[in-house]
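*Asks:* Have a look at this one.
The values are calculated or read from the model by the stated rules, or taken from the named source; none is laboratory data. All figures in this text were calculated on a predicted structure; none of them were measured in a lab. Reconstructed Cβ throughout: ideal geometry from the backbone, glycine too, with neighbour counts over all protein chains shown. These accessible areas exclude ligands, DNA and RNA; they are computed on the full protein's heavy atoms, side chains included. Shrake-Rupley method; radii C 1.70, N 1.55, O 1.52, S 1.80 Å.
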Amino acid sequence: MGRRRRLAPPAPRGTISQVTSRPAAAQHLRDLARLRRVRDRIDREYAQPLDVEALARGAHMSAGHLSREFRLAYGESPYGYLMTRRIERAMALLRRGDLSVTEVCFAVGCSSLGTFSSRFTELVGVCAQRLSAPGARATAGMPSCVAKQVTRPIRNREAPVTEPQHLE
């Protein structure tokens with residue numbers, strides 16, 4: 001009978017975390033790039049009818065995965081980000097004063113006046129009608145870049161809560 005040869009142990013290829021983290025990190029970077037493209041599309045096409053499913057198809061992701069990853073990256077859902085963009089644009093149109101609230105609602109891509117009004121009040125802290133009133137021109141004479149910063153909507157339900165006023 002012949003002698004048995006001992007086989008040398010296999011050369012170490014790295015730990016499991018090292019092997020799996022490289023592809024995971026690369027995938028994470030690809031996902032972040034897709035999320036930036038989704039956010040840029042929302043910024044460009046805010047007035048178009050956009051929904052999470054359409055955005056996800058454009059990014060080659062499932063709607064659930066897009067929503068989870070978008071929230072992790074930007075702190076709010078794609079729909080929340082879209083509505084914030086629409087409300088920001090609506091504020092600018094209302095400050096101009098030549099369109100009614102209903103016209104502004106449809107101009108920024110909202111299809112429901114009720115949803116637009118409630119979201120506007122939630123983010124801005126005042127109703128759209130009050131912002132469009134002739135006496136509400138607090139930013140008159142202010143450079144538009146400053147006016148936009150000063151009147152920027154507050155995201156994630158951080159609008160100040162106003163106390164109800166009691167009439168006696």
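*Asks:* Here are some conditions: (1) modelled with pLDDT under 95; (2) more than 30 Å from Gln27 (Cβ to Cβ). Gly58 meets all but one. Which one does it not meet?
*Replies:* (2)
*Asks:* I need the full set of residues from segment 80-96 which are open to solvent by 10 Å² or more (accessible area, probe 1.4 Å) and over 18 Å from Arg130 (Cα atoms), in order please.
*Replies:* Those that are open to solvent by 10 Å² or more (accessible area, probe 1.4 Å) and over 18 Å from Arg130 (Cα atoms): Tyr81, Arg85.
*Asks:* Within segment 26-68, how many residues are assigned to a helix (DSSP H, G or I) and in contact (Cβ under 8 Å) with a residue 40 or more places away in the chain?
*Replies:* 5
*Asks:* Still on this structure: Does Ser77 count as surrounded by fewer than 20 Cβ atoms within 10 Å (Cβ to Cβ) and touching a Lys or Arg at 6+ places or on another chain (Cβ under 7 Å)?
*Replies:* Judged against the criteria, Ser77 is a match.
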